[in-house]
Amino acid sequence: MTAQELLDAIEKRFRLKVALEGAVAEVHFERKLRIASREGWLTSYESHDVDGMHDFTVVTLSGISIRVEVKTIRNGPKPHVELQKTRAAKADPSSRYYDRNHFDVVAVCVGRFTADWSQFRYTLVRELPSHRHHSNKLQVMHSIPEGTGTEPRWFSRFQDIIDAYTI
């Protein structure tokens, strides 16, 4: 298979393309964590490639563990993110929605919107709205506004979300 045939195969398969974009986002986010650890404003981090688990655990200088889920923005005229799992259990359709306590921070790669796949926006799960039918689950779609003073708050720097989480 040639490189062009592989790229064509990816382009023709929506789910494969989305999975690949998700992997690219996770690689870029891990680069940020590696730099943060090297620069000394993060104690450690761990990547998780396990079904049903958040993507990363980050340990702050004060020893607080923060669970991070990495997502990519959806296509559209304005940035927004979809927070739900790929599939639901047959016995429980609400299992597709994330529990409010599944992770603490959402790191959203906005590369599809800005063409810079190292650029992220971050928010605290505790500030996100609940699903309208399941109060213990997260709402599925979330706009990512520009600027400050929004609810929920969205941050452009990972250091800022760490500060907001620990307050």
| said: Output needed: percent of Cα pairs per 5 Å distance bin for the stretch 2-88, bins running from 0 to the one holding the longest distance. | reply: 3, 12, 17, 20, 16, 14, 10, 5, 2, 0
| request: As a check on your grasp of the helix formula, calculate [θ] at 222 nm for the chain: sum -39500 (n - 2.57) over DSSP H runs of n ≥ 4, divide by the residue count, round to the nearest 500. | output: -9000 deg cm²/dmol
| task | Give me the net charge of Val70's neighbourhood, meaning all other residues with Cβ under 10 Å from the Cβ of Val70; Lys, Arg count +1, Asp, Glu -1. | result | -3
| note | Env charge @ His134, Cβ radius under 15 Å, K,R +1 / D,E -1, value +3
| For the stretch 3-166, what is one quarter of the convex hull surface built on the Cα atoms, given in nm²? | 11.1
| task | Multiply the residue gap between Lys85 and Ala23 by 0.36 nm, knock off their C-alpha separation, and tell me the result in nm, one decimal place. | result | 20.8 nm
| So, in nm, how far is label Gln159 from label Ser143 when the simple model puts each one 7 Å beyond its Cα toward the Cβ? | 3.0
| Value of relative contact order over the chain, rounded to a whole percent, pairs C-alpha under 8 Å and six or more apart | 17
| task | At most 15 other Cβ atoms within 10 Å and a DSSP loop assignment: could you name the chymotrypsin sites (Phe, Trp or Tyr not before Pro) in the stretch 34-84 that fit? | result | Trp41
| message | Using 0.36 nm times the number of residues separating His134 and Ser118, minus their current alpha carbon distance, what extension gain do you get? | response | 2.4 nm
| said: For a quick check: with amide H placed at 1.01 Å from N, whose amide H comes under 5 Å from Ala107's, ignoring anything fewer than 5 positions away on the same chain? | reply: Glu69, Val70, Lys71
| Calculated FRET value between Thr166 and Lys78, using beta carbons and R₀ = 41 Å, to 0.05 | 0.85
| note | Interchain or sequence-distant (5+) residues whose placed amide H lies within less than 5 Å of the amide H of Leu83 are Met141, His142
| said: If amide hydrogens are placed 1.01 Å from N in the peptide plane, which non-local residues have theirs closer than 5 Å to the one on Phe120? | reply: Val110
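Any read-out appearing in this document is the output of simple, stated calculations on the displayed coordinates, not a laboratory observation. As the structure is a prediction and not an experimental result, all values here were calculated from the model. In this analysis, Cβ positions are derived from the backbone assuming ideal geometry, glycine residues included, and neighbour counts consider all displayed protein chains.
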